[in-house]
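Taking it in order: structure first as structure tokens, then the write-up.
All of the numbers you see were taken from the coordinates with simple rules; none came from a lab. Everything quoted here is computed from the prediction, not taken from an experiment. Cβ atoms come from the backbone with ideal geometry, glycine included; neighbour counts cover every protein chain shown.
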Amino acid sequence: MALGGGCEILLHSAAVQAHAECYIGLVETGVGLVPGWGGCKELLTRQFTNPKRPGGPIPPLMQTFETIALAKVSRSAAEARDSLMLRPADRITMNRDRLLADAKARALELAKDYQPPKPQPLNLPGPTGAAALKLGVTELVNQGKATPYDAVVAEKLAEVLSGGETDITEETSEDQLLALERRAFQSLIRQPQTLARIEHMLETGKPLRN
């Protein structure tokens, strides 16, 4: 399993050797938080740079928002690849006993001529994109499919993913996205409802729908 912070480490790895039956996901919203270690930035970048994505900024924004807001978890490496938690170049091991050896071999391959990736700026829609995402959240609350506090967390996530106070004509850097993540995380971690969710998860292992 690579959930929450473990998933964020995975997303920043130069390469991944995954077992076929791995569970991967950004599940922070279940405890009233948003990913704060670059998970939003990494998954958003993968969606925007996916050559198969529909045109325009809204489809990749919506896909990233749904994956994180609904705390979706892949139930296999193949599913993780479909959701872009794993990249096409990441490899999958079927036999668990081979996993460490395969990962070591991959690391040795990388060591020969590895070059770190260049930062990838994004053109994000800003407040207009956040407003579109928030409308969808409001509808879910009205239908009883989300709690009012779910909406608070989702709105913070929408502000991060849409780039904050930006415009589609401007570039948003990785550092700017990381700053938005930290700000949203720090805001939510102070909220009594988030603390209640964390305490409940630690005590019961189950999410609290407050």
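For Thr169 and Arg190, calculate 0.36 nm times their separation in residues minus their Cα-Cα distance, and state this gained length in nm to one decimal.
4.2 nm
Looking at region 69-116 from every direction and averaging, what is the projected area of its Cα convex hull in nm²?
Averaging across all directions leaves 4.6 nm² for the Cα convex hull.
Roughly what would the spin-label model give for Gln115 and Leu70, points 7 Å off Cα along C-beta, in nm?
Spacing of the two 7 Å Cα→Cβ label points: 3.9 nm.
Taking a point 7 angstrom from the Cα of Glu155 along the C-beta vector, which residues in region 35-64 have backbone N less than 14 Å away?
Correct set: none at all.
Let's test this: bin the Cα-Cα distances of region 20-140 at 10 Å from zero up to the farthest pair and state each bin's percent.
11, 35, 35, 14, 5, 0
Cut-off under 26 Å on the C-alpha distance; same-chain residues fewer than 8 positions from Lys104 excluded. Which lysines are left, in chain and number order?
Lys112, Lys118
Would you please give the FRET efficiency between Ile9 and Glu139, computed as 1/(1 + (r/R0)^6) with r the Cβ-Cβ distance and R0 = 25 Å, to the nearest 0.05?
So the FRET efficiency works out to roughly 0.15.
Give me, ordered by chain and number, the residues 5 or more places off Ala18 or on other chains with an amide H under 5 Å from its own placed amide H.
Arg91, Ile92, Thr93
Which chymotrypsin sites (Phe, Trp or Tyr not before Pro) in region 11-118 pass both tests, a DSSP loop state and at most 12 other beta-carbon atoms within 10 Å?
Passing both the DSSP loop test and the Cβ count: Tyr114.
Take every Cα pair under 8 Å in the chain that's 6+ residues apart, average their separations, divide by the length, and report that relative contact order as a whole percent.
28 percent
Could you line up Glu42, Glu171 from fewest to most neighbouring Cβ atoms inside 10 Å?
Glu171, Glu42
In terms of Cα to Cα distance under 15 Å, which aspartates and glutamates are near enough to Lys206, apart from those fewer than 8 places away along the same chain?
Result set, ordered by chain and number: Glu28.
Enter the Cα centre distance for the pair region 36-84 and region 171-210, rounded to the nearest angstrom.
So the separation of the two Cα centres works out to 19 Å.
Can you check how the C-alpha radius of gyration of region 15-54 compares to 2.2 N^0.38 Å, as a plain ratio?
1.42
Quick one: Debye curve from the alpha-carbon atoms of region 1-74 only, equal weights, vacuum; give me log10 I(q)/I(0) at q = 0.21 Å⁻¹ to two decimals.
These q points yield log10 I(q)/I(0) values of -0.94.
Using every pair of alpha-carbon atoms in region 110-210, split the distances into 5 Å bins beginning at 0 and state the percent of pairs per bin, rounded to integers.
The calculated distribution, bin by bin, is 2, 12, 16, 16, 16, 13, 10, 8, 4, 2, 0, 0.
Are there trypsin sites (Lys or Arg not before Pro) in region 117-187 that DSSP marks as loop and that have at most 11 other Cβ atoms within 10 Å, and which are they?
Lys145
Report the trypsin sites (Lys or Arg not before Pro) located in region 37-119 that are in a DSSP loop and have at most 14 other Cβ atoms inside 10 Å of their Cβ, or state none.
Qualifying residues, ordered by number: Lys52, Arg75.
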